[in-house]
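Below is one structure, written out as structure tokens; comments come after it.
The values are calculated or read from the model by the stated rules, or taken from the named source; none is laboratory data. Worth saying up front: this structure is predicted, and the values here are computed from it rather than measured. Virtual Cβ from ideal backbone geometry, glycine too; neighbours counted across all protein chains shown. Just so you know, the surface numbers come from the protein's heavy atoms only, side chains and all, with ligands and any DNA or RNA stripped out. Shrake-Rupley method; radii C 1.70, N 1.55, O 1.52, S 1.80 Å.
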Amino acid sequence: MSGLTKKIAEDIVRETSLRLNRNVNIMNMEGIIIAAHDERRVGSVHEGAVEVLKKRSTLAINTSDEEVWVGAQPGVNLPIVFNNEILGVIGITGDPDEMGDIGDLVKMTTELMIRQEFLVSQMEWKQRTKEMIIEQLIKSAPSLEDIHRGLNLLGLQLHPPFTTIVIQIKEQPILNRVFIQKLETCLGNNQAIVGFINVNRVFIALSGHEEEGALNKVKSIYHLMKRLNIVFRMSYSLTFQEIEKFSQSYLDCDITLKISDSDNDLLSFAQIEAKALFFQIDEVITKRFSQRVLKSIDENKAETLNSFFKNNLNLQQTANDLYVHRNTLLYRMNNIIKETGYDPKKFEDALILQVAMWIYNRPDHSSKL
């Protein structure tokens, strides 16, 4: 820490003055008061602080000494030390003979507050660096130089194979900083880069794990999120070898979240890879196909087909899922055959209908048939 900032000094004065019910001043390395309970003193030189900085030791000022130390009042003035470096001086107004251990207690509290501020600032700096790395990773043309520079600053390395994990958060009862720390602890030191890419989405670049090991890490994160009572959906990519493929893996995770059943909170791209292919084809072509196959299908028939495919073409499970009698379901299926010309009970027809329904169900499909 290069110096004692005005903000930290004001925080120290506010906290210590409140607890001690005494005037507290903080002086910088020039002996100038930068924070004080009595704000009228801010900006003036405290000669007692100058002496403390020169002698590197505590100075008690009695009533009879006020004329000697310009700008000072009776009290105790102590050096503020962090990492064996003096950052400034703290002064506590009062009769030094009546203070006992108050001075040392305030000094210790002040130095603990500075240490905490330092640790937080270090964590913020490291997190900003991680988010810069993530920003590059998800670019279509990432700067490998910037990525490696950031990794070197953090003392980290990314080793293949890689896996991308994306967490979409709906409700989060803990602070972002605490949440990131828990994720990093769960994943293990130096094995992942974790950061928010927007207010509701976390990106994780997992490194050094083959498919089975990556899946175990995914499950660990999933269980951690449940324990933390976070409401979320999570997707993860296929494993890959080149760092340049993080961009595509992120897109894979993104489309997995977009086109999968919203009731599922843990999803892999492998589960929807075939379905995703049809979302990467020109929209005009896919809409034309869907409209040709489904014709003027209504919501009732669409719900029937969705349930039938979700239940692996099992008529009884579909009837149970839809809360209808089996005969009612068969009647609906016959109407679908008449409407479309395709029989969902036949494999080839079911495949065509499934693809058409994937297109029909997609969130950005503007024209429901």
ILE92 being within 27 Å of TRP125 (Cα to Cα) and modelled with pLDDT of 80 or more: no
Any idea which of (1) over 13 Å from TRP358 (Cα atoms); (2) open to solvent by 20 Å² or more (accessible area, probe 1.4 Å); (3) not in a helix (DSSP H, G or I) is the one SER235 doesn't satisfy? (2)
VAL194 - would you say it is among the β-branched types (Val, Ile, Thr), in a helix (DSSP H, G or I), in contact with a Leu (Cβ under 8 Å, 6 or more places away or on another chain) and in contact (Cβ under 8 Å) with a residue 24 or more places away in the chain? no
Scan region 255-263 and give yes if some residue there is out of contact with any helix residue (DSSP H, G or I) (no Cβ under 8 Å at 6 or more places or on another chain), open to solvent by less than 60 Å² (accessible area, probe 1.4 Å) and at pLDDT below 95, otherwise no. yes
Which numbered condition ILE197 fails, given (1) under 14 Å from ASP265 (Cα atoms); (2) surrounded by fewer than 18 Cβ atoms within 10 Å (Cβ to Cβ): (1)
Near pairs, Cβ below 6 angstrom, 6+ apart or cross-chain, from region 85-102 (within 22 Å of ALA9 (Cβ to Cβ)) to any residue that is among the polar types (S, T, N, Q) and assigned to a strand (DSSP E or B): VAL89/ASN77; GLY91/ASN25; GLY91/ASN77
Mind checking whether some residue in region 144-163 is touching a residue at least 24 places away in the same chain (Cβ under 8 Å), under 19 Å from the mean Cα position of the chain (by Cα), over 24 Å from ALA270 (Cβ atoms) and open to solvent by 60 Å² or more (accessible area, probe 1.4 Å)? no
With the structure loaded, tell me whether ASP252 is open to solvent by less than 60 Å² (accessible area, probe 1.4 Å), of a type in the set (Asp, Glu) and farther than 22 Å from LEU156 by Cα or whether it fails that test. yes
Pull out all pairs, ordered by first then second residue, where Cβ-Cβ is under 8 Å, the residues are six or more apart or on different chains, the first lies in region 208-232 and is within 20 Å of PHE196 (Cα to Cα), and the second is open to solvent by 50 Å² or more (accessible area, probe 1.4 Å) and assigned to a helix (DSSP H, G or I). LEU224/LYS182; LEU228/LYS182
Candidate set: region 264-290, residues that are assigned to a loop (DSSP other than H, G, I, E, B) and either of a type outside the set (D, E, K, R) or in contact with a Gly (Cβ under 7 Å, 6 or more places away or on another chain) (or both); chosen: the one most open to solvent (accessible area, probe 1.4 Å): GLN280
LYS170: open to solvent by 80 Å² or more (accessible area, probe 1.4 Å) and assigned to a strand (DSSP E or B), yes or no? yes
Can you find a residue in region 107-125 that is more than 20 Å from SER247 (Cα to Cα), part of a loop (DSSP other than H, G, I, E, B), open to solvent by 50 Å² or more (accessible area, probe 1.4 Å) and at pLDDT below 90? no
